[in-house]
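A.B. asks: Please read through the structure below; I'll follow up with questions.
The values are calculated or read from the model by the stated rules, or taken from the named source; none is laboratory data. If you're wondering where the values come from, they're calculated on a predicted model, not measured in any experiment. Methodologically, a virtual Cβ is constructed for each residue, glycine included, from the backbone with ideal geometry; neighbour enumeration extends over all protein chains shown.
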Amino acid sequence: MKQSFLKKSFTALLSGIILMSGSGCSNIINMKSEDNKIHVVTTLFCYYDFARAIIGDTENIDLTLLLSPGMESHSFEPTPSDIIEIQQADVLLYNGGHMEYWVQEILDANKNKNNLAICMMDYTSLLEEETDNVITPHNHEHCEDESHHHDDDEHNHEEEHEIEYDEHIWSSPVIAINLVETICDAISEADIENSDIYHKNAEAYIKELQTLDNDFRSVIAKGKRDTLLFADKFPMLYFFKEYGLKYYAAFAGCSTDTEPSSATISNMIEKTKEESIPVVYYFEVSNPAVAEIISEETDAVPYVFQSCHTITQDDFNNGETYISLMKRNLEALKIGLQ
């Protein structure tokens, strides 16, 4: 219901922007047209950072990050200026999926059909979102007794069920390599003259990602356990599948919930004690309160994990990158897998 309301509100906003662009406000739409630069716009930090590494010192590309540092991507709503940025982009790099439904609406309404829009989710094999490892209260009472009354309803429900895919594809460094190659091809297509530079930069960056991948495999191979606990959403499915790790989490990756119930917290505390889990994780822009509650009731230590779909303002100001943030996860894993 909430998402439906947001979509209606966004559609109304988008209509207003389109009308504005056709009125006397057209000078705003064209405010960057005189700089002769190629405009690359990204929605998420990870794609911004990949593009930044590929572009390097090239001065004829203007790179823009729409999602400001510290912002939650799942609740992000584009401003009128964001819509204009997308409409005027030469290259748009976005993730896609439910998280960015608004991007497609802008593209469908965009009169500038010459821009190159790359949906990253189109360039990798997607995983279905998981709920089995989400620690929520399960009530199985009456299931067996009532199952025979609902066979037809369940059959109809299965037919109507839409598969939900996990959208956090960048969490795997292996997939990140493919995404970097895709971004390099897009930027090279927009700026053929400097294509060799972009491919050279991409090759160097991919070597760093390959080293990162090897480092993760080494740390995980030395671990004494293979299961981690997150008092948070879980946007790391692709990462965990790549490296054969297991997990428990308070919410699924794209959940709209923000605070777990007391029963969920109680279950997480019980699970932490049962398996002697040493660390309870939360993500970079999340509230650590739940992790701290679990820590108070167990021996587990609260520890931040980096999802890399956004970045804190301090880290952005300090020039942190996808690779430097993922290296923090290396240290986080060394503690959590001991």
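A.B. asks: Please enumerate the residues belonging to the stretch 205-240 that are in contact (Cβ under 8 Å) with a residue 60 or more places away in the chain and over 18 Å from Leu333 (Cα atoms).
C.D. replies: Correct list: Tyr205, Glu208.
A.B. asks: Just for helices (runs of 4 or more DSSP H) wholly inside the stretch 154-243: which have at least 2 residues that are in contact with a strand residue (DSSP E or B) (Cβ under 8 Å, 6 or more places away or on another chain) and surrounded by 13 or more Cβ atoms within 10 Å (Cβ to Cβ)?
C.D. replies: 173-190
A.B. asks: Take the stretch 200-231 and flag every residue that is closer than 21 Å to Tyr47 by Cβ and among the acidic types (Asp, Glu).
C.D. replies: Glu203, Glu208, Asp213, listed by residue number.
A.B. asks: Which of the following residues is at pLDDT 95 or above and within 29 Å of Leu44 (Cα to Cα): Phe251, Phe239, Phe234? Can you show your working first?
C.D. replies: Values: Phe251 fails: at pLDDT 95 or above; Phe234 fails: at pLDDT 95 or above.
Exactly one of Phe251, Phe239, Phe234 is at pLDDT 95 or above and within 29 Å of Leu44 (Cα to Cα), namely Phe239.
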